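S.K.: Shown below is the structure under consideration.
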Amino acid sequence: MTSYRESIKKKLANGGYEEFKSLCIATIYRNAVGKTCYQVHCDSYRCKFSELYDEAEDAIDKFFELRKRVR
């Protein structure tokens with residue numbers, strides 16, 4: 001059985017995304033730079049946030065940090 005974190009890693013590796021209420025983590029391919037980035041975006045009134053990360057682990061850590069606030 002895979003953990004929620006591993007499930008998100010698999011989705012991101014396949015170019016997918018994960019949503020939780022107003023929080024989202026997604027894979028973004030930047031043609032101009034020629035590399036893959038990961039965006040964490042939140043529209044919650046409690047915490048407005050949007051940032052790009054080079055590493056999936058950093059993005060997932062931030063996703064879980066914000067997920068606690070959005071609950």
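The values are calculated or read from the model by the stated rules, or taken from the named source; none is laboratory data. All figures in this text were calculated on a predicted structure; none of them were measured in a lab. Glycine also receives a Cβ, built like all others from the backbone with ideal geometry; neighbour counts cover every protein chain displayed. For accessibility, only protein heavy atoms count, side chains too; no ligands or nucleic acids. Shrake-Rupley method; radii C 1.70, N 1.55, O 1.52, S 1.80 Å.
S.K.: Express in nm, to one decimal, how much length is gained between PHE64 and TYR45 on full extension, taking 0.36 nm for each residue of separation and deducting their alpha carbon distance.
M.R.: 5.1 nm
S.K.: How about LYS21: which lysines have a C-alpha closer than 27 Å to its C-alpha, ignoring those fewer than 8 places off in the same chain?
M.R.: LYS9, LYS10, LYS11, LYS48, LYS62, LYS68
S.K.: Given a 1.4 angstrom probe, what's the average accessible area per residue across segment 1-64, in square angstrom? Show your work: numbers first, answer last.
M.R.: Values: 4190 Å² over 64 residues.
For segment 1-64, the solvent-accessible area averages 65 Å² per residue.
S.K.: Oh, and also: Ignoring ligands, DNA and RNA, what percent of the accessible area of the chain is carbon or sulfur (1.4 Å)?
M.R.: Details: 2240 of 4770 Å².
About 47 percent, which is the carbon plus sulfur part of the accessible surface.
S.K.: Which of the trypsin sites (Lys or Arg not before Pro) found in segment 1-56 are in a DSSP loop and have at most 14 neighbouring Cβ atoms, other than their own, within 10 Å?
M.R.: Details: sites: ARG5, LYS9, LYS10, LYS11, LYS21, ARG30, LYS35, ARG46, LYS48; in loops: LYS21, ARG46.
Hits after loop and neighbour filter: LYS21, ARG46.
S.K.: Along Cα→Cβ, 7 Å out, is where each label goes; now give me the distance between the ones at PHE20 and MET1 in nm to one decimal.
M.R.: For the pair PHE20/MET1, the computed spacing is 1.8 nm.
S.K.: List, in order, the whole-Hz ³J(HN,Hα) value for each residue of segment 41-51 obtained from phi through the Karplus relation with A = 6.51, B = -1.76, C = 1.60 and θ = phi - 60°; use x for Gly and Pro.
M.R.: Taking θ as phi minus 60°, the curve returns 9, 9, 10, 5, 5, 6, 8, 7, 7, 7, 7 Hz for segment 41-51.
S.K.: If you place +1 on the Cβ of every Lys and Arg and -1 on the Cβ of every Asp and Glu, how big does the dipole about the Cα centre of the chain come out, in debye to the nearest 20? Don't skip to the answer; put the middle values down first.
M.R.: On the way: 14 positive and 11 negative charges, 60 e Å.
Here the size comes out at about 280 debye.
S.K.: Would you kindly state how much longer the chain becomes between LYS11 and ARG30 on full extension, computed as 0.36 nm times their sequence separation minus their alpha carbon distance, in nm to one decimal? Please list the in-between numbers first.
M.R.: Working: separation 19, 0.36 × 19 = 6.84 nm, distance 1.78 nm.
Once the chain is fully extended between LYS11 and ARG30, it gains 5.1 nm.
S.K.: Counting alpha carbon pairs within less than 8 Å and at least 6 residues apart, what relative contact order, in whole percent, applies to the chain?
M.R.: Worked out over the chain, it gives 25 percent.
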